[in-house]
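Take a look at the structure set out below.
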Protein chains: 2
Amino acid sequence: MAASASISKTIYVGPFVHSTSLTDLEIEEKGAIGVDENGVIAFVERNVSQAGIEDVKSRNPGWQDAQVIKLEGNGFFFPGFIDTHTHASQHPNTGLFGKTTLLDWLQTYTFPMESSLSSVPTAQRIYQSFVSRTLSHGTTTCAYYATIHVPATNLLADICLKRGQRALVGRVCMNSDLSPEYYRDESVETSVRNSQASIDYIRSIDPKGEIVKPIVTPRFAPSCTSDCLSAISKLAQETNSHIQTHISENKGEIALVQELFPKSKSYTDVYDTHDLLTPKTILAHAVHLSPEERQTILARKSKISHCPASNTAITSGCAPIRTMLNEGLTIGLGTDISGGFHPSILENVRQAVWVSRHLALQTGDDATKLSTEEALYLATRGGAAVVGLEEQVGGFDVEKEWDAQMIHLGSVDEEGSSDAVVHEGPVDVFGWESWPDKVEKWVYSGDDRNTIAVWVRGRLVHKTALYSGPKDATTL
Amino acid sequence: MAASASISKTIYVGPFVHSTSLTDLEIEEKGAIGVDENGVIAFVERNVSQAGIEDVKSRNPGWQDAQVIKLEGNGFFFPGFIDTHTHASQHPNTGLFGKTTLLDWLQTYTFPMESSLSSVPTAQRIYQSFVSRTLSHGTTTCAYYATIHVPATNLLADICLKRGQRALVGRVCMNSDLSPEYYRDESVETSVRNSQASIDYIRSIDPKGEIVKPIVTPRFAPSCTSDCLSAISKLAQETNSHIQTHISENKGEIALVQELFPKSKSYTDVYDTHDLLTPKTILAHAVHLSPEERQTILARKSKISHCPASNTAITSGCAPIRTMLNEGLTIGLGTDISGGFHPSILENVRQAVWVSRHLALQTGDDATKLSTEEALYLATRGGAAVVGLEEQVGGFDVEKEWDAQMIHLGSVDEEGSSDAVVHEGPVDVFGWESWPDKVEKWVYSGDDRNTIAVWVRGRLVHKTALYSGPKDATTL
């Protein structure tokens, strides 16, 4: 449905901000971006005056009748966020973790919740509301863990397709007795058969994978027997699927992996010897990897999802992201609901910066600090590369697709009256700020209230009351 | 004005949550709290059914005609937050710090901004909007740093009094050449005279100090000459004023203090030898204090403001709060705008938990972790003790005053439709949560949208569109 919905040729006029490299953020105050009927960026013009839209149109044959969406005020267009790791099924546990760390958290909070999605109406309620949440935070692409249940997993894919959110949707494989008897795959055969069923279904509803794709999802090494890991790896290979799993999140978990897989040299080696490290593999966390493990992952071209809010909340550790970037690893951000306490990638941009500062405090080495620009890169182009969409999304380049958010910042009037507080969200602009300062205010004090519209492939997939287009869009 | 505004005798009916000790949070599902015409809590009843309001009234003579404000749905009453350290004058810099740490941050961002408050219209705009922000986050008491300017400082006190927010308002003293020539007190005499003028003004507008009080504010040791510290200490003593300053925030700062005060044994010793450590002194940060320094502060009964968001944002360090609590120090939370990036104490409750977890990761000692309960205590009763209001506010006890917030949590309907996302703020309640889980969801995923009404001394000082009382209040 979403994939085929027709959209109007549109020129988005106003400031835009995006990463041009890991360390550089382009802030173009006077942009005009043409998006065609397929949601593809046809042109990106800079230094365009409001009055110059006619010139833009005449320079671009065939755009005379295009719709124009103008961004007024303190806002800007920003690429949609990519969430490279989250558990949609744990949405109702957001904010709950008490005093637990990873292994007891799974037993206390996670498995009971996930198991309840054997009920399709429960899954409908949870997934529908979670997709609303992630879209509202500007997340245009999401790598989702569902549960072991095929019907609920397929439903999540249906919802993403209908709502127009790009998604990798994974049925969770877990057959070992780490998981409780009430919530695990009965056998290796069940793991494979049910994963295959979900892959087939997702490919049937979006054959080209334009919006939703399947992803093979062995939960993590302790959840799967060696046989299961081998079988699921074979399935991924046969179906040419993405793969997602967890790695090296917590020291207790690492010890458990060593105990369960005594012949393996390391946690990474477990996956490597089961042929699970491919260029289409997303490894979440990667907090405590050794340099040798990182070299193996780099050599296999597997990708890393950094989940800073989660790693802080359940006291897993500080992943050395700056080091891993220097080594050449491909890294994006993940919210990791509900180990992470917030479904927003913007919150995780901040948390990535905080974690890197805590690492600097621990090590005394300021070189570990991530800059704002770097964290925003991870949230967009970095994430796009992690999910294999680096050619399609992550920045405003010609031939990429229009996955974008319209950011609106509040303005404080001359009397400092409280209107902005009530109506315009958490960012206060006084008017004297430079453009880099306005962007930094959004990064460090903004939230979903500042994301007033969200597009995926040119389709409007979320808006708030503050968004006035395209009703107010001018067709010049 | 605020102090004398008459209010209706009111019974607040519904769940309430507050700290009863550092480690214990009381969650009373069926509360009824009677607040008299002076904003003082006359009774606190528990296990009251909705139908039992008449019984409550008859048990409490004179309350027959009291107004009733009922809290329906997933919400609860919670004590107003106490912000024990923030710079109102730095509000426009919220979210800006780039790559700086303390000392260059002061020169780059802070001094130029503060100096602009020599203009009263500028101050009006900044202070009016900042008080709106802090009230919207449920902050009912705030220890404010203003600037060196007497008119602007007095204006901040006027605004707090008019809006009904309890405040300690401090004109900043700084006469050393650490501060730029364009922004410092010309002489020790200027420091004293202008501080005295502000104290006198604030006491003239609120003679009993029921809402606003002055606070003597030597910025921090490097900003003041020894003569100035002595003179300002004498002023505090003569006027029986509170004192606030910064201590041991950053290692570069500590080295600078040692260089500027070579005869002092420590940073703490600088303040101690200038008689600035009193039971009415608030010391912000306290990140790197030695055990001896902490003993001195404890012996002087001075108080600590922990500013975790700030300490992370400008990479100052992790204050060992659990250790300091064990030692018996009195501690509250501070937002430290704009070193801190968020005017919300709830955000700092979370950040206090995160900082304590990073400390656990650094030290390998899980005993450094703060629990949710402990962080909420710091935000309320702890903060009240820091600002000398422990008898008046911080919890729902008879004879305390009604400084409270009404918390509303969103609910996910059966279809999981997106209404809650749009209208009810960031917390999703599915209906199966226990009360402790609901409170934890608020703590870890809530924001100002969940604070739908705020009272100080029984006066409604902030509300959002979701607050339906007292229009819907029933006078039974």
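The values are calculated or read from the model by the stated rules, or taken from the named source; none is laboratory data. Computed from a prediction, not measured in an experiment: that's the story for all the values here. Cβ atoms come from the backbone with ideal geometry, glycine included; neighbour counts cover every protein chain shown. We work out accessible area using only protein heavy atoms, side chains counted, and drop any ligands, DNA or RNA first. Shrake-Rupley method; radii C 1.70, N 1.55, O 1.52, S 1.80 Å.
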Among the residues of the stretch A:307-332, write down those that are touching a Phe, Trp or Tyr at 6+ places or on another chain (Cβ under 8 Å) and either under 11 Å from A:Leu378 (Cα atoms) or not polar (S, T, N, Q) (or both). A:Pro308, A:Ala309, A:Ala313, A:Ile314
Of residues in the stretch A:16-49 being closer than 22 Å to A:Asn60 by Cα and part of a loop (DSSP other than H, G, I, E, B), the one most open to solvent (accessible area, probe 1.4 Å): A:Asn47
(1) touching a residue at least 24 places away in the same chain (Cβ under 8 Å); (2) in contact with a Phe, Trp or Tyr (Cβ under 9 Å, 6 or more places away or on another chain): which one isn't true of A:Leu460, the others all being true? (1)
Is it the case, given these coordinates, that B:Val131 is crowded, with 24+ Cβ neighbours inside 10 Å, among the β-branched types (Val, Ile, Thr), modelled with pLDDT of 95 or more and part of a strand (DSSP E or B)? no
Can you spot a residue in the stretch B:79-99 that is assigned by TED's automatic domain parsing to the domain that holds B:Arg381, part of a helix (DSSP H, G or I) and over 25 Å from B:Gly383 (Cα atoms)? no
Spot the failing condition for A:Trp354; the list is (1) of a type outside the set (Gly, Ala, Ser); (2) more than 8 Å from chain B (Cβ to nearest Cβ); (3) buried (at least 24 other Cβ atoms within 10 Å of the Cβ), and only one is missed. (2)
Need pairs with beta-carbon distance below 7 Å; first residue more than 10 Å from chain B (Cβ to nearest Cβ) and within the stretch A:106-123, second outside any helix (DSSP H, G or I) and surrounded by fewer than 22 Cβ atoms within 10 Å (Cβ to Cβ); sequence gap 6+ or separate chains. A:Thr108/A:Thr100; A:Phe111/A:Pro180; A:Phe111/A:Tyr183; A:Glu114/A:Tyr183; A:Ser115/A:Tyr182; A:Ser115/A:Tyr183
Tell me yes or no: at least one residue of the stretch B:96-105 is within 16 Å of B:Tyr145 (Cβ to Cβ) and of a type outside the set (A, V, I, L, M, F, W, C). no
What are the pairs, 6+ residues apart or on separate chains, where a residue within the stretch B:57-73 that is within 15 Å of B:Ile33 (Cβ to Cβ) has its Cβ under 8 Å from a residue that is hydroxyl-bearing (Ser, Thr, Tyr) and surrounded by fewer than 20 Cβ atoms within 10 Å (Cβ to Cβ)? B:Ala66/B:Ser8; B:Ala66/B:Thr475; B:Gln67/B:Ser8; B:Gln67/B:Thr475; B:Val68/B:Thr474; B:Val68/B:Thr475; B:Lys70/B:Thr474
State yes or no: is A:Ile297 open to solvent by less than 10 Å² (accessible area, probe 1.4 Å) and within 23 Å of A:Gln351 (Cβ to Cβ)? yes
Go through B:Ala299, B:Ala313 for me and flag whichever is over 17 Å from the mean Cα position of the chain (by Cα), away from chain A (no Cβ under 12 Å) and among the small types (Gly, Ala, Ser). B:Ala299
Of the residues B:Gly416, B:Gly425, which single one is open to solvent by less than 40 Å² (accessible area, probe 1.4 Å) and more than 16 Å from B:Gly73 (Cβ to Cβ)? B:Gly416
Considering residues that are open to solvent by 10 Å² or more (accessible area, probe 1.4 Å) and within 13 Å of another protein chain (Cβ to nearest Cβ), the number found within the stretch A:321-343 is 2
Selection from the stretch B:444-465 of residues in contact with a Lys or Arg (Cβ under 8 Å, 6 or more places away or on another chain) and at pLDDT below 95 yields B:Thr464
Flag if A:Leu256 is under 25 Å from A:Ser187 (Cβ atoms), touching a residue at least 40 places away in the same chain (Cβ under 8 Å) and in a loop (DSSP other than H, G, I, E, B): no
Restricting to the stretch A:134-145, name every residue that is more than 8 Å from chain B (Cβ to nearest Cβ) and open to solvent by less than 10 Å² (accessible area, probe 1.4 Å). A:Thr134, A:Leu135, A:Gly138, A:Thr139, A:Thr140, A:Thr141, A:Cys142, A:Ala143, A:Tyr144, A:Tyr145
Any residue at all in the stretch A:219-233 that's crowded, with 24+ Cβ neighbours inside 10 Å, of a type outside the set (Lys, Arg) and not in a helix (DSSP H, G or I)? yes
Kindly establish whether A:Ile215 is β-branched (Val, Ile, Thr) and surrounded by fewer than 23 Cβ atoms within 10 Å (Cβ to Cβ). no
Filter pass, A:His306 being within 23 Å of the chain's Cα centre (by Cα), of a type outside the set (A, V, I, L, M, F, W, C) and more than 30 Å from A:Glu186 (Cβ to Cβ): yes
